[in-house]
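Everything on this sheet refers to the single structure shown next.
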Amino acid sequence: MSKKVAIIGGGVAGIEAAKKLSEFGYEISLFEKDTELGGHVAKWDRLFPNQRRAQEVVDILQKDLEKIQVYKSANVQSINRENGSFSVNATGKSYPADAVVVATGFELFPAEKKEEYGYQIFDNVITSADLELMFKKFGKPQTVSGVNPSRVAIIHCVGSRDEKVNRPYCSKVCCVTAVKQAIEIKESLPNCEVFNFYMDLRLFGPGYEELYKKAQTMGVTFVRGRLSETSELEGGRILVKAEDTLSSKPLKMSVDMVVLMVGMSPNPENNELFNGVGLAENSDGFLQVNDYHTEPTKSQIEGIFIAGACSGPNNITDSINAARSAAMDAHKFLTRN
Amino acid sequence: MKKEGIRRIWGDYQKEIADDKYYFVRSCIRQTFFPGSDATFLKILREVLGKDVFEDKNHTTCTGIGYHCEVIPFPTIQTVVARNFALMGEHGYQNYIPSCVTSFGIYCEVLDTWHHFPEEKEKTRNFLREATNREFEEPQNLVHTSDVIYKFRNEIAAKAKYKLVNKDTGKPLKVVDHIGCHYAKIFPSKGVGGAEFPNVLSGLVEAWGGEVVDYPERRHCCGFGFRQYFVQANRGYSIAASKKKFESMEPFKPDLIITNCPGCNYFMDRWQYALAEMEGKTYDEYGYGIPTLSYEEVAGILLGFDPWESGLQMHQVSVNPLLDKIGVEYNPNIKFKGENGQDLGKPESPNVLKFF
């Protein structure tokens with residue numbers, strides 16, 4: 001009888017971990033709280049650095065899942081550990097497991113916490129996730145009244161590197177997402193002026209710097225300065241106040257739309273789910289791994305492994321790599337002695 | 001604008017406001033500039049709402065203006081605050097209500113300091129003991145006087161003779177709410193509605209029948225800003241800040257500016273005169289200026305108090321047009337009469353701002 005592994009979370013990391021462990025011959029139960037697999041990626045339109053369709057990646061990952069027992073709309077309520085085995089309690093049933101891979105991902109920073117930015121108050125203040133939905137739906141951004149914006153401000157670091165909202169860390173992927181979205185706005189609406197307000201540009205991956213240069217050549221304006229506040233003007237336009245820290249001058253401009261680059265926040269369900277089995281949080285509130293350098297996908301609890309952005313901000317590639325690493329760690333654990 | 005988004009924020013920033021037995025503390029500048037406003041506040045609480053409000057002749061300034069101008073050191077201001085708390089305790093009160101927003105910010109700052117640095121509180125105890133032989137306890141409830149009016153806004157509305165409604169058109173008056181910076185910008189959790197979309201005055205406006213005007217420079221300082229005004233060389237910044245606000249609200253054609261800070265009430269009133277003299281311009285349609293009143297001055301009007309007994313003639317921008325819009329019964333001929341009908345003399349009229 002093959003051993004059982006429970007995977008909590010059906011985003012890209014969870015799917016990849018499930019597939020790899022299935023290939024090793026384990027009996028896999030994959031629990032996803034949403035109605036579909038794919039997590040945040042499935043809600044995105046295009047990906048950096050090559051503007052590939054996000055759905056394409058989700059489709060590739062979802063191939064060959066036949067041997068995996070997938071539970072969608074499955075809310076995991078708790079995980080118990082007894083005599084070296086686990087039981088996962090989801091939607092009223094208990095599922096036994098010999099090992100658990102946690103791939104619960106992250107939640108987008110709730111932009112309404114930055115009250116001064118006016119999200120959920122001013123109609124034309126949206127988030128990067130909202131803009132992706134617009135691209136999916138309309139192929140371009142549009143204001144709440146359905147017209148093409150002629151001027152858009154993109155605000156970096158919303159819920160990242162901000163101690164005021166208890167998010168002191170960098171979310172790693174927002175800068176390149178902002179550059180990608182600026183390009184996509186210019187591509188869909190060539191006459192639209194786009195202004196990116198940034199603190200530092202942290203573009204660390206292959207092709208990212210090229211993307212930044214492309215944005216500049218397309219006429220995207222990069223302003224080094226953090227947004228101070230927004231106000232609504234008559235007609236729904238947004239007044240943006242910031243400081244241009246390169247010229248050391250305050251700046252005030254009106255735009256048709258403000259896009260807030262929301263960072264990654266710890267999944268708020270982690271606490272309730274994993275406190276019972278003793279999984280700890282790191283200083284940023286994400287799940288603590290056993291050793292950041294040498295065991296980045298092992299938890300501090302034997303038999304529980306960690307994959308993807310539940311341990312900290314990650315891009316898709318790093319999440320998939322982490323999922324494979326977690327699968328290897330789990331396999332080693334399950335074949336010990 | 002999505003009202004439900006603002007309501008969500010208001011829900012996040014509610015605070016306990018005691019419902020009776022208040023120890024009332026005056027503002028240094030308000031009782032000088034608008035002496036009727038404190039009297040109006042006390043009249044509303046005592047005579048209209050039946051509350052117990054104690055005013056102590058021995059209480060002092062919080063020294064906030066000196067503190068913010070860096071002439072009063074922090075240990076001194078803590079000791080002055082502690083002395084006022086000691087007086088409150090000696091009279092058997094626990095609910096402290098300063099009428100000045102700067103003072104409210106000072107009290108919040110001192111209490112927060114004592115919370116995080118208890119050794120500062122102990123030092124202050126020793127200073128107070130050495131200087132006055134007094135002991136003090138922190139108040140059980142510390143709120144600004146505008147919070148108290150906010151708490152009883154619906155009771156006031158129920159007893160009001162008038163509403164913030166244009167008697168001729170039946171439409172709500174458009175009201176700009178201006179919140180003093182030190183009310184919630186330092187400690188957002190201490191303000192009703194928080195710092196970004198405060199509800200302490202907008203809640204009054206809505207309860208009393210008016211319509212709140214949101215305008216782009218709503219959060220901007222009134223122009224008082226201690227470093228702007230008390231440093232003489234910076235006074236240009238002061239009037240520039242006010243001008244920025246008036247220009248921003250002008251397209252919305254407000255009928256009234258309501259404030260909760262003595263400094264804001266003064267500067268948004270007086271600078272309208274100065275700007276009219278300097279630029280030949282007012283920010284309303286008819287050259288009267290935009291009446292700028294404190295929350296209790298507005299409450300007093302709606303409750304039917306005599307506007308001149310409430311001291312509304314002390315405002316540079318005449319309130320007469322506002323009273324006429326609301327339909328208040330008043331006698332314009334006694335605006336500048338003192339007690340016993342003594343003629344105090346009408347101030348000289350400005351060149352531009354129309355004055356009644």
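The values are calculated or read from the model by the stated rules, or taken from the named source; none is laboratory data. Nothing here was measured: the structure is a model prediction, and the numbers come from that model. Don't worry about glycine lacking a Cβ; one is built from the backbone with ideal geometry, like all the others, and counts go over all protein chains shown.
Things to note:
- Boolean, residue A:204 is within 24 Å of residue A:48 (Cα to Cα), hydrophobic (A, V, I, L, M, F, W, C) and modelled with pLDDT under 95: yes
- Applying the condition of being of a type in the set (Val, Ile, Thr) and either in contact (Cβ under 8 Å) with a residue 40 or more places away in the chain or part of a helix (DSSP H, G or I) (or both) to segment A:308-337 and asking which residue is farthest from residue A:206 (Cα to Cα) yields A:320.
- Restricting segment A:58-86 to residues that are part of a strand (DSSP E or B) and surrounded by fewer than 17 Cβ atoms within 10 Å (Cβ to Cβ), the residue that is modelled with the highest pLDDT: A:69
- Qualifying residue in segment A:28-38 (condition: under 12 Å from residue A:74 (Cβ atoms), hydroxyl-bearing (Ser, Thr, Tyr) and touching a strand residue (DSSP E or B) at 6+ places or on another chain (Cβ under 6 Å)): yes
- Selection from segment A:117-140 of residues that are under 19 Å from residue A:223 (Cβ atoms) and either more than 14 Å from every other protein chain (Cβ to nearest Cβ) or modelled with pLDDT under 95 (or both): A:128, A:131
- Boolean, residue B:13 is within 14 Å of chain A (Cβ to nearest Cβ), buried (at least 17 other Cβ atoms within 10 Å of the Cβ) and aromatic (Phe, Trp, Tyr): yes
- Residue satisfying all of: in segment B:279-328; among the hydroxyl-bearing types (Ser, Thr, Tyr) and assigned to a loop (DSSP other than H, G, I, E, B); surrounded by the fewest Cβ atoms within 10 Å (Cβ to Cβ) among these: B:286
- Residue within segment B:252-273 that is aromatic (Phe, Trp, Tyr), in contact with an Asp or Glu (Cβ under 9 Å, 6 or more places away or on another chain) and in a helix (DSSP H, G or I) present: yes
So that you can scan it fast, the table gives a plain yes or no per residue for (1) small (Gly, Ala, Ser); (2) in the same structural domain as residue B:106 (by TED's automatic domain parsing); (3) buried (at least 20 other Cβ atoms within 10 Å of the Cβ):
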| site | (1), (2), (3) |
| --- | --- |
| B:130 | no, yes, no |
| B:133 | no, yes, no |
| B:138 | no, yes, no |
| B:158 | yes, no, no |
| B:162 | no, no, no |
| B:167 | no, no, no |
| B:170 | yes, no, no |
| B:173 | no, no, yes |
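- Any hit, segment A:200-218, residues being within 14 Å of chain B (Cβ to nearest Cβ) and of a type in the set (D, E, K, R): no
- Given (1) within 14 Å of another protein chain (Cβ to nearest Cβ); (2) out of contact with any strand residue (DSSP E or B) (no Cβ under 8 Å at 6 or more places or on another chain); (3) in contact (Cβ under 8 Å) with a residue 60 or more places away in the chain, number of the condition residue B:4 does not satisfy: (3)
- Only residues that are surrounded by 14 or more Cβ atoms within 10 Å (Cβ to Cβ) and more than 20 Å from residue B:290 (Cα to Cα) were counted in segment B:337-356, giving 1.
- Within segment B:246-256, tally of residues that are away from chain A (no Cβ under 12 Å) and more than 18 Å from residue B:225 (Cα to Cα): 4
- Cβ-Cβ distances below 6 Å connect the following pairs, each with a first residue in segment B:271-293 that is assigned by TED's automatic domain parsing to the domain that holds residue B:249 and under 24 Å from residue B:311 (Cα atoms), a second residue that is at pLDDT 95 or above and of a type in the set (Asp, Glu), and a separation of six or more residues or different chains: B:283/B:250; B:290/B:284; B:292/B:269.
- Output for segment A:217-249, where each listed residue is more than 22 Å from residue A:160 (Cα to Cα) and exposed (fewer than 14 other Cβ atoms within 10 Å of the Cβ): A:217, A:219, A:234, A:235, A:247, A:248, A:249
- Of the residues making up segment A:161-201, just one is among the polar types (S, T, N, Q), within 21 Å of the chain's Cα centre (by Cα) and surrounded by fewer than 18 Cβ atoms within 10 Å (Cβ to Cβ), namely A:166.
- The residue that is nearest to the other protein chains (Cβ to nearest Cβ), counting only those in segment A:97-116 that are of a type outside the set (Gly, Ala, Ser) and part of a loop (DSSP other than H, G, I, E, B), is A:114.
- Just one of the listed residues (B:81, B:71, B:101) is crowded, with 18+ Cβ neighbours inside 10 Å and farther than 15 Å from residue B:139 by Cβ, and it is B:101.
- Some residue of segment B:53-62 being touching a Leu at 6+ places or on another chain (Cβ under 6 Å), more than 14 Å from chain A (Cβ to nearest Cβ) and of a type in the set (Val, Ile, Thr): yes
- Any hit, segment B:107-117, residues being closer than 19 Å to residue B:58 by Cα and not assigned by TED's automatic domain parsing to the domain that holds residue B:261: yes
- Flag if residue A:132 is among the acidic types (Asp, Glu), in contact (Cβ under 8 Å) with a residue 12 or more places away in the chain and surrounded by fewer than 24 Cβ atoms within 10 Å (Cβ to Cβ): yes
- Qualifying residue in segment B:245-261 (condition: charged (D, E, K, R), in contact with a strand residue (DSSP E or B) (Cβ under 8 Å, 6 or more places away or on another chain), in the same structural domain as residue B:161 (by TED's automatic domain parsing) and more than 21 Å from residue B:198 (Cβ to Cβ)): yes
- One residue stands out in segment A:1-18 among those that are out of contact with any Leu (no Cβ under 7 Å at 6 or more places or on another chain) and not in a strand (DSSP E or B): the one that is farthest from residue A:318 (Cα to Cα), namely A:1.
- Residue in segment A:66-78 that is among the acidic types (Asp, Glu) and within 30 Å of residue A:261 (Cα to Cα) present: no
- Filtering segment A:250-259 to residues that are in contact with an Asp or Glu (Cβ under 9 Å, 6 or more places away or on another chain) and crowded, with 16+ Cβ neighbours inside 10 Å leaves A:251, A:255, A:259.
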